[in-house]
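First up is the structure itself, then whatever we jot down about it.
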Amino acid sequence: MTNLVPLLRTSVQTWECDDMGHMNVQFYVAKAGEGLDVLAHEMGYGPRARRADNTVLLPREHHIRFHREQRPGAPLTLEGGVLGRDGNTLHLYEELTNTASGAVAATVKADVILADADTRAPRALPSVFDEAVANMSTPLPEHGKARGLELGAPVTAPTLQQADDMGLVYTWQGVVKPELCDAHGFMGHRHFMGLVSDSIPNLLSQTRGDDRSSDPNIGGAALEYRFVYRSWPKRGDILTLRSGLKHVGPKTYIWAHWLFDLETGEAVATAEAVAVTLDLVARKAIPIPDAMRAHLESQLVEGIGA
């Protein structure tokens, strides 16, 4: 029995969709972020209280499963609840469904702290959360649990030098632009995922020899993501991404993505993702061809993950 409260009712906009023809992964994170603000209100700590305290609710880790692709015009409903609390960390759950069919589109488990809005320094949770945790408790449903990833302790924060020494692929680099930041100048969670998404064509071109722009019938899709947020980039910071292959299965493969501050060489975030090759005509996953599998297996990197 779930105990979820309504958070959002919205729809998929054309500008939220990518060249695969479905809502891009970064907008699932964006909607989960909006939902988190509404869930905080439902827990008794709404936007006025947060403004008065100068605080933000800050996910430190996300586990996301993408159950069904959502295409332009799809109606969406987001609900959420509380899985539990560990000291000053809230374990929260959000479930996105297609309003018309009722089918689950995505599930999001988030480990969330309260932080100072200006410095991102952790704050103690106010007492208002005590009652909310008790009254809004919900179990994690089976379809929200990890399937293709192991959610053990995060890897020790790597450095850029370590990533390069391990032979990870250089897949993205750029500046944190003002439009990627919140009112306090920090990059929003949506854009961590957005930068990784933007890197995929470069990743595939270097690891599989693919150029998606030349084949409109074959693409890819993420099935599951784990993101561990390690620091908070600010406007004007320069970020660089390194990626590597962790596992190859019959249909799926697992990529690891490590995002760094180029100036300091320190990790900003680490992530791993389960992905499939997608037939864009039939809209279904297809097996990895044998020749591609052999090539991918030659590029496996030991010791990577989130």
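Quick notes
- Residue 290 versus residue 3: modelled label distance in nm, points set 7 Å from Cα along the beta carbon direction: 5.5 nm
- Summed side-chain charge close to residue 50 - residues other than residue 50 whose Cβ falls under 13 Å, Lys, Arg +1, Asp, Glu -1: -2
- Förster-model FRET efficiency, 25 Å R0, residue 13 and residue 99, C-beta, rounded to 0.05: 0.95
- Alpha carbon centroid spacing (whole Å) that separates the stretch 107-180 from the stretch 3-59: 15 Å
- Label-reachable residues, the stretch 169-209, where backbone N falls under 16 Å from a point 7 Å from residue 51's Cα toward its Cβ: 183-184
- Neighbours of residue 224 by Cβ distance under 12 Å: Lys/Arg scored +1, Asp/Glu scored -1, total +3.
- Magnitude of the charge dipole, the chain, Cβ model with Lys/Arg +1 and Asp/Glu -1, debye to 20: 440 debye
- Dimensions in Å of the chain - Rg and Dmax from alpha carbons: 19.2, 59
- Mean separation of Cα pairs under 8 Å and 6 or more residues apart, divided by the residue count, gives the stretch 150-306 a relative contact order of 29 percent.
- Projecting the Cα atoms of 207, 185, 303 onto the charge dipole of the stretch 150-306, computed from C-beta unit charges around the Cα centre, puts 185 farthest toward the positive end.
- Each residue of the stretch 150-306 gets 119 Å³ once the volume of the Cα convex hull is shared out per residue.
- Normalised by residue number, the volume inside the convex hull of the Cα atoms of the stretch 1-145 is 114 Å³ per residue.
- Radius 12 Å from Cβ of residue 132, net charge of other residues (Lys, Arg +1; Asp, Glu -1): -2
- Placing +1 on each Lys and Arg Cβ and -1 on each Asp and Glu Cβ, with no other charges, gives the stretch 150-306 a dipole about its Cα centre of roughly 380 debye.
- Kirkwood Rh in Å, taken over the stretch 87-197 so that all alpha-carbon pairs contribute: 18.0 Å
- Rounded, prolate or oblate (a/c below 1.5 giving rounded, otherwise prolate when a/b exceeds b/c) for the stretch 125-166 by Cα gyration tensor: oblate
Bear in mind that the values in this text are calculations on the coordinates, not laboratory data. Treat the numbers as computed from the prediction; the structure is a model and nothing was measured. Cβ sites come from the backbone with ideal geometry, for glycine too, and all protein chains shown count toward neighbours.
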